[in-house]
1. Tally the residues that are surrounded by fewer than 19 Cβ atoms within 10 Å (Cβ to Cβ) and aliphatic (A, V, I, L, M), restricting the search to segment A:211-228.
2. From the list A:ASP254, A:ASP231, which one is more than 14 Å from chain B (Cβ to nearest Cβ) and surrounded by fewer than 19 Cβ atoms within 10 Å (Cβ to Cβ)?
3. Kindly provide the set of residues from segment B:129-143 that are of a type outside the set (Gly, Ala, Ser), more than 10 Å from chain A (Cβ to nearest Cβ), over 21 Å from the mean Cα position of the chain (by Cα) and within 20 Å of B:GLY184 (Cβ to Cβ), ordered by number.
4. In segment B:171-243, which helices (runs of 4 or more DSSP H) lie fully inside it and hold 3 or more residues that are under 19 Å from the mean Cα position of the chain (by Cα) and under 24 Å from B:GLY143 (Cβ atoms)?
5. Identify all residues within segment B:192-237 that are touching a Gly at 6+ places or on another chain (Cβ under 7 Å) and either on the phi < 0 side of the Ramachandran plot or aliphatic (A, V, I, L, M) (or both); write none if there are none.
6. Residue by residue through segment A:184-203, note down the ones that are facing chain B (nearest Cβ under 7 Å) and within 32 Å of the chain's Cα centre (by Cα).
7. Find the residue count for segment B:80-128, including only residues that are buried (at least 19 other Cβ atoms within 10 Å of the Cβ), hydroxyl-bearing (Ser, Thr, Tyr) and either closer than 23 Å to B:THR167 by Cβ or more than 14 Å from chain A (Cβ to nearest Cβ) (or both).
8. Filter segment B:129-155 down to the residues that are hydrophobic (A, V, I, L, M, F, W, C) and in a helix (DSSP H, G or I), then identify the one that is surrounded by the fewest Cβ atoms within 10 Å (Cβ to Cβ).
Amino acid sequence: MSSPEVSAPQGQPGLDPRVPMGDRRSRILGGGAARNTWIAVLSTVVFFTVVGVLVVRSPGWPTVRFFFFDGAEFAYAFPEILSKFGQNAFIFCTSEILVLVFALLIAVLRSLPGAVFAPLRIMAAVYTDFFRGVPTILVIALLGYGMPALGLKGLPDSDRFWAIVALTLVYSAYVAEVYRAGIDSIHPSQVASSRSLGLTRLQTMRHVVLPQAVRRVIPPLLNDFIGLQKDSALVAFLGFNEALLRAQIIQANDFNFTPYVALAVIYIAITIPQARFVDWLIARERRRREGATEL
Amino acid sequence: MTEAIRIEGLRKSFGDHEVLKGIDLAVDDHEVVCLIGASGSGKSTLLRCVDLLEPVDAGRIWVEGIEITAAGVDENAVRRRIGIVFQAFNLFPHMTVLRNVTLAQEKALDRTPAGARATALSLLDRFGLADKADDYPDRLSGGQQQRVAIVRSLAMDPDVMLLDEVTSALDPVLVAEVLDVIRGLATTGMTMVIATHEMGFARDVANRVAFLDDGRILEVGPPEEIFSEPREAATRRFLDRIIAAGRM
């Protein structure tokens, strides 16, 4: 290439040292950026046109369009469902906040060293195994129907309350595992250097391990939250009047499935930006790490 | 002179591999002792045992006259009085340089944030790092990071400093700046035990040199004696290899 002075970064033997890094990378990915964009746009348009034509020309398409993509029905159902989606948003937002705290507690319990803490570690392990093993809808049903049925004084009997408890219990099990992976990923030398300065085990966890661990697991944690948001629709099972139940009622009244499509649109509109945000975080973290090693 | 460190019959195994096979060593206040020996001879493990980072299998250790291997000793209190600097710096990457130096002062010594900050800034200034206080460690060169690690330990006002091959992970051009810092510390009378492969440096800075071989201290003596007329054949072989490798 143009300048023979450009040398390969250390630790990458076998690469031609005369080829600058940027060129090599773009060549592996396939040529100039502008040309690539055009090819991508063209192939995408062709692909989706073909798929669209195939669907639209299928024998059952008029029926499907009538029952699932009815414009007037959509215009009626969408605001109705959206107004109930606030209930879902309340449920998943509250659950997420509780999960952040509760899962961290479980993860820290599971990471405690030493024989003395064995019972706590076992309890935390049993908890995560159990709630990752039972279908979410069963936990919601068991708590939502079962707890109020106990008739205990002071125990709330609102569906919304038990839905939040159920989602918190289930998703804390997943998120605890995510946290634990983050805690385990912190090199023991960080703990050694903190302890050598006289910080206690707890102070080391609080100031040295957790801040680094949590930062590392934000992307997988947000992925679990997207799952939780979708599962807030399961509360409809209890007969709680949220977005999915609203869609079901409209569908049953009008003999038309377009309300489900409307709800799907709402979910996609809130989850896709989050998924893109997660990707962006991961890419930024990778760039940061590469930038640091090149120093 | 009083003793800063006394080690008697120290043994340490990892699994069925015995790394330390009965170490006896005494270090006086204001003394600098360099540990030399091949990789795997037990230098790092010895230092980590003195800081109670590794549980000891047998033997006893005293620091400033107090036995730290006794039952019921507050190991956090022990570690506060001993500074250790590692080969790989081990700075906290999520904190600024200043926070790296103030954290333990505040949390372990209960110093006020203002007091900790003042101590940190004056030490950073003394070691030429004043303009790095607000940077994160990954913006610093290896030599700068290692100097910050030394400052972080010094800020705790330790009785003793343990240095574990602190220049082994550095580019050759960065070694000198770190060794100069340690030389400076020696002139202030800091008691230090230094595991090192830098023989020229050991000869300069050490009051005594201890040669470790396979988990034992084979000989201890003034540097001129160890480097010029070692008693043990193993010491001579080790030094010959070092000279052949151009490290002395």
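1. Matching residues across segment A:211-228 total 4.
2. A:ASP254
3. Residues satisfying the conditions are B:ASP131, B:LYS132.
4. Here the list reads B:172-187, B:199-205.
5. B:ARG208, B:VAL209, B:PHE211, B:LEU212, B:ASP213, B:ARG216
6. A:SER189, A:GLN190, A:GLN203
7. 0
8. Once the filter is applied, the top-ranked residue is B:ALA130.
The values are calculated or read from the model by the stated rules, or taken from the named source; none is laboratory data. Only a predicted model underlies this, so the values are computations on that prediction, with no experimental measurement involved. Please note: Cβ atoms are built from the backbone with ideal geometry, for glycine as well, and neighbour counts cover all protein chains shown.
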